Amino acid sequence: MFKIARASLAASFSAGFPEADDSISDICTQLTVSEGWVGDLSNGVIKLGERATLLHGLKNPECGLLSMMRCYDANDRAHILELFEQAATSSSHFCYSTTIALPNGHRQPVFCIGESDGLEETSAGSMLGVFVFPRFKLAAASPLRALS
């Protein structure tokens with residue numbers, strides 16, 4: 001899944017959604033690990049949190065997009081790169097999902113939701129988002145299939 005939406009960032013997508021109660025938060029914590037990230041479009045540096053750095057197989061939390069994506073499923077990289085390029089040219093909301101190839105041969109699913117902002121101003125703009133990692137890994141030979 002690779003999606004980008006150009007929309008007024010002043011308008012919240014969450015309008016009309018009820019606030020989550022603590023039981024939903026507990027379920028999310030039980031099933032996933034999530035962590036925020038930020039990107040500076042003036043220099044192309046993305047800063048990941050400690051968990052995302054580890055799961056992306058990086059030694060430093062500050063990296064470039066291509067370094068971050070190196071561990072992603074090879075079939076998804078071009079789509080994700082295109083998505084980031086589009087988001088870097090116009091303030092947008094975006095999301096993608098892929099898998100991270102781990103050194104032991106397993107794959108870790110990852111979902112990313114983010115937004116770019118400030119591109120219409122005099123600054124180069126920025127990005128921010130969140131990674132969501134389900135608390136399971138896929139065996140090397142197990143395919144991901146869409147349910148119909």
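The values are calculated or read from the model by the stated rules, or taken from the named source; none is laboratory data. What you are looking at is a predicted structure, and each value in this text was computed from that prediction instead of being measured. Quick reminder, even Gly has a Cβ in these numbers, built from the backbone with ideal geometry, and neighbours come from all protein chains shown. The area values use the complete protein model at the heavy-atom level, side chains included, leaving out ligands, DNA and RNA. Shrake-Rupley method; radii C 1.70, N 1.55, O 1.52, S 1.80 Å.
Take ASP117: with every protein chain present and a 1.4 Å probe, its accessible area is about 70 Å². Note that the range 71-116 shows a convex hull volume over its alpha carbon atoms of 59 Å³ per residue.
Between LEU58 and LEU102, the contour length at 0.36 nm per residue exceeds the alpha carbon distance by 14.7 nm.
Simple spin-label estimate for SER126 and VAL33 gives 2.6 nm between the two label positions (7 Å along the Cα-to-Cβ direction from each Cα). Ordered by 1.4 Å accessible area with all protein chains kept, PHE94, PHE136, PHE111 run largest first as PHE136, PHE111, PHE94.
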